[in-house]
DNA sequence: GCTGTATACTTGACCTGTCAACTATATTAG
DNA sequence: CTAATATAGTTGACAGGTCAAGTATACAGC
């Protein structure tokens with residue numbers, strides 16, 4: 001009976017199976033990944049994500065709006081996240097002389113060091129929990145398929 | 001300049017691109033999907049997920065522990081989620097005569113109707129935002145690739 | 001029968017992020 | 001120049017979820 005139930009579940013909505021796998025995989029992998037990142041470096045996934053964006057940005061700085069688009073948080077989410085990073089001394093505010101509305105988030109020296117410290121182990125964790133499951137070819141396929149999903153419109157709407 | 005920056009970002013950590021696509025896609029799709037589900041039916045994605053599990057379970061009922069494994073929430077998350085569904089009258093508690101520790105979550109008639117009401121439009125939304133981007137073959141590929149990710153310990157019960 | 005350990009579930013404290021409303025600055029139209 | 005509107009950012013209230021600790025029951029070994 002138990003195996004009947006299981007197979008009934010696996011086949012009951014064939015079209016949605018990809019989505020279900022997607023949701024479950026996301027929940028499981030991010031949970032483990034964020035536990036490790038938190039334990040080893042005291043960072044959330046979003047913290048890391050923002051530090052990474054700033055690390056690779058020109059002058060190590062970005063407007064909050066742009067950050068919110070790339071990291072897929074709302075504007076207020078970014079404000080609160082940056083609050084934390086500023087309190088930790090990893091990011092500071094920068095004013096924009098051409099537009100007084102914008103505030104840049106600027107990576108500090110300490111923040112840059114923090115990112116470089118966390119980076120290696122986090123990339124290794126991603127590889128262990130995610131990347132290593134796929135061949136190079138499969139990685140490319142996966143990135144291509146996922147890349148078709150709608151990003152831009154939802155990211156900046158509102 | 002802007003396009004240089006973009007391509008630098010796309011190529012700077014080749015091994016992680018799949019993971020990045022994955023994170024972004026998840027954030028964008030779930031945000032839109034949950035907005036629609038909330039607007040049309042007053043349900044969160046997790047609410048729907050739990051209703052669906054119960055809908056397909058024998059006797060429309062499941063132990064909280066099993067629910068937490070299938071939906072990938074912690075035990076306390078399940079308690080709180082079910083609180084809401086119980087307050088709405090969609091789910092009720094059932095006691096287990098062979099083990100006084102377990103409390104079943106049982107779908108009510110109203111809850112069953114609620115699920116059937118929400119189901120069609122939600123599946124259509126999933127199809128529109130996710131499924132329709134892929135051919136049948138690609139769907140299968142995607143499900144297979146994502147299925148390799150580690151959710152076994154949390155997701156699978158005997 | 002006790003005693004220790006494992007399991008099922010709940011609760012309080014808390015964290016992250018959302019939404020809606022707000023301030024402040026920029027821009028465009030008349 | 002002024003009015004209307006759009007954009008950048010912050011804030012209060014709150015939703016959804018986690019973790020750690022606690023309660024209650026089950027079960028296994030002595």
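Every number here is computed from the coordinates shown, using simple stated rules; none is lab data. In this text, all values refer to a predicted model and were calculated from it rather than measured experimentally. For neighbour counting, all protein chains shown are included, and Cβ atoms are generated from backbone atoms with ideal geometry for every residue, glycine included.
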Using the Cα gyration tensor of the protein assembly as shown, with a ≥ b ≥ c the square roots of its eigenvalues, what is the shape: rounded (a/c below 1.5), prolate (a/b larger than b/c) or oblate (neither)?
prolate
Other chains' Cβ within 10 Å of A:130-138 residues: what's the mean?
4
Under 8 Å for C-alpha pairs, at least 6 residues apart: give me the relative contact order for chain A, rounded to a whole percent.
22
Kindly give the distances from residue A:92 to its copy-mates, label point to label point, with each label point 7 Å from Cα along Cα→Cβ, as nm values to one decimal ordered shortest first.
6.3
What nm value, rounded to one decimal, do you get for the distance between residue A:148 and residue A:79 when each label is placed 7 Å out toward the C-beta?
3.9
Choice from B:136, B:49, B:66 showing the highest fluctuation, given a GNM over chain B with Cα pairs closer than 10 Å:
B:136
Per-residue average of other protein chain Cβ atoms inside 10 Å, peptide B:25-37 -> 5
Centroid-to-centroid separation of the range A:10-71 and the range B:93-152 [C-alpha atoms, Å]:
23
Using a Förster distance of 25 Å, the FRET efficiency for residue A:86-residue B:31 (Cβ separation, nearest 0.05)
0.45
On full extension of the chain, what length is gained from residue A:137 through residue A:98, given 0.36 nm per residue of separation minus the C-alpha to C-alpha distance?
9.4 nm
Just to confirm the number: angle between the C-alpha axis of helix A:17-41 and the first principal axis of chain A, 0 to 90 degrees, nearest 10?
40
Using only alpha carbon pairs under 8 Å that are at least six residues apart, calculate the relative contact order of the range A:46-96 and give it in whole percent.
29
On a 0 to 90 degree scale, rounded to 10, what angle separates helix A:2-11 from the longest Cα axis of chain A?
60
Any chance you could run the full-extension gain for residue A:15 through residue A:39? It's 0.36 nm times the residue separation minus the Cα-Cα distance, nm to one decimal.
4.8 nm
Please check: in the Gaussian network model of chain B (C-alpha springs, under 10 Å), which one of B:127, B:137, B:92 has the largest mean-square fluctuation.
B:137
What do you get for the angle between helix B:45-56 and the principal long axis of chain B? Use alpha-carbon atoms, 0 to 90 degrees, nearest ten.
50
Any idea what the relative contact order of the range A:17-75 is, in percent, if you count C-alpha pairs under 8 Å spaced at least 6 apart?
19
Tell me the distances, shortest first, between residue A:59 and the same position across the other copies, using label points 7 Å along Cα→Cβ, in nm to one decimal.
6.6
